[in-house]
1. How do Trp105, Trp128, Trp9 line up, fewest other C-beta atoms within 10 Å first?
2. I need the phi-derived Karplus couplings for segment 15-24: 6.51 cos²θ - 1.76 cosθ + 1.60, θ = phi - 60°, integer Hz, Gly and Pro marked x.
3. What number, rounded to the nearest 500 deg cm²/dmol, is the helix-based mean residue ellipticity at 222 nm of the chain, given -39500 (n - 2.57) per DSSP H run of at least four residues and division by all its residues?
4. Work out how much length Val90 to Arg56 would gain on full extension: take 0.36 nm times their residue separation and subtract the Cα-Cα distance, in nm to one decimal.
5. Of [x] 1.46; [y] 1.00; [z] 2.17, which one was derived for Cα Rg over 2.2 N^0.38 Å from the structure shown?
6. Under 5 Å between amide hydrogens, which residues at least 5 positions from Arg124 or on another chain qualify, with H placed 1.01 Å from N in the peptide plane?
7. Name the residue farthest towards the positive end of the dipole of the chain from the options Gly65, Met1, Trp128, assuming +1 on Cβ of Lys and Arg, -1 on Cβ of Asp and Glu, about the Cα centre.
8. Roughly how big is segment 2-131's charge dipole about its Cα centre, with Cβ charges of +1 (Lys, Arg) and -1 (Asp, Glu), in debye to the nearest 20?
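Just so it is clear, none of the values below were taken in a lab; they were calculated from the coordinates. Keep in mind that what you see is a predicted model, and the values were worked out from it rather than measured. Note that we place each Cβ from the backbone using ideal geometry, even for glycine, and neighbour counts take in every protein chain shown.
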Amino acid sequence: MRSVFIHLWRTTEQEVAAAVARMYPAQARPWTVEVGGNPCLYIDFYRDGPVEDDERETRFSSRGGPPDVSVIADISGRHDGWPEVRDFVVEMLRCFEGVATDDDWLRLWSREEIENDQVVSGHRFGAWRGNGAKGHPE
């Protein structure tokens, strides 16, 4: 399974949950985004960061420290998931101050970079998509 992470500052889990519930009103936590009646994204809060990431304290130093809230969206292997991921991440970053990362954790991506599908140092957000010149095929 592939994952993307959205890291948010100056917000609470309650505010984020309310925003996700507005985006997907037929769902309850954990939220599921379906494509053709088939689950594509599984969305929930990501609380394992400090345990899984030894560099967490320094990874976000450019942002003043670790995020207040992180959200994970796991992408089903039955779907490419890019349109659903892009829409979800861009909307979350439109609603809240933050950045996103993908499975590669190469950099912190802004809403504009993701929305414009920008290539940075030969990579695009969404490591599973091939990422241009330095492709990462699944």
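1. Starting with the residue having the fewest Cβ neighbours, the order is Trp105, Trp9, Trp128.
2. So the J values, rounded to whole Hz, are 5, 5, 4, 5, 5, 5, 5, 5, 5, 10.
3. -7000 deg cm²/dmol
4. Values: separation 34, 0.36 × 34 = 12.24 nm, distance 2.28 nm.
Fully extending the segment from Val90 to Arg56 adds 10.0 nm.
5. [y]
6. Here Asn131 satisfy the definition.
7. Trp128
8. Magnitude of the dipole: close to 200 debye.
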